[in-house]
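Below is one structure, written out as structure tokens; comments come after it.
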Amino acid sequence: MKFEIKSRDRIVLTKMLDEIRYLINEADTIKYHELVQDDKSKKAMAMTFINIGEFVNNLTIEFKRQHSYLPYREIVDVRNYAAHGYYKFDFETIWNVIKNQLPDLESKIKKILTQ
């Protein structure tokens, strides 16, 4: 059965995808050791994770049920960590998430948007 994506979810996913692409592109243009010394980049990355988590919170329940394979809880957990624990934000872990997990999430969201 084909699932029709609501306009609201499509908008949210598109914004999420933009934020994910931003993080991936930033990680491609800066080395990890440069990131940890650059407060502006660290704050931008933390804020971007907060944005992504907020977008997840704005997806409809129907969409989340239909696409239950997406890591909603983990995304919101990272958002909460960035929002409430920035002073102890582990950028090594975040760097690994950007490099190793976000490309897969980007691919899944792109596939959903093209259905």
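Before moving on, here are some points about what is shown:
- Any hit, the range 90-107, residues being over 15 Å from the mean Cα position of the chain (by Cα) and of a type in the set (Gly, Ala, Ser): no
- Annotation: of all residues in the range 35-59 being outside any helix (DSSP H, G or I) and of a type outside the set (S, T, N, Q), the one that is modelled with the lowest pLDDT is Val36.
- Contact map, the range 58-76: residues that are without any contact (Cβ under 8 Å) to a residue 40 or more places away in the chain paired with residues that are exposed (fewer than 13 other Cβ atoms within 10 Å of the Cβ), Cβ distance under 7 Å, separation 6+ or inter-chain. Pairs shown: Val76/Asn57.
- Qualifying position, being touching a helix residue (DSSP H, G or I) at 6+ places or on another chain (Cβ under 7 Å), within 19 Å of Thr14 (Cα to Cα) and surrounded by fewer than 13 Cβ atoms within 10 Å (Cβ to Cβ), among Asn57, Asn51: Asn57
- Search result, residues across the range 77-115 that are within 16 Å of Asn57 (Cβ to Cβ), β-branched (Val, Ile, Thr) and without any contact (Cβ under 8 Å) to a residue 40 or more places away in the chain: Val78
- For the range 55-69, the criterion of being in contact with a Lys or Arg (Cβ under 6 Å, 6 or more places away or on another chain) and under 17 Å from Leu105 (Cα atoms) is satisfied by at least one residue.
The values are calculated or read from the model by the stated rules, or taken from the named source; none is laboratory data. As the structure is a computational prediction, the values presented were derived from the model and not from experiment. Neighbour counts run over all protein chains shown; Cβ positions are idealised from the backbone, glycine included.
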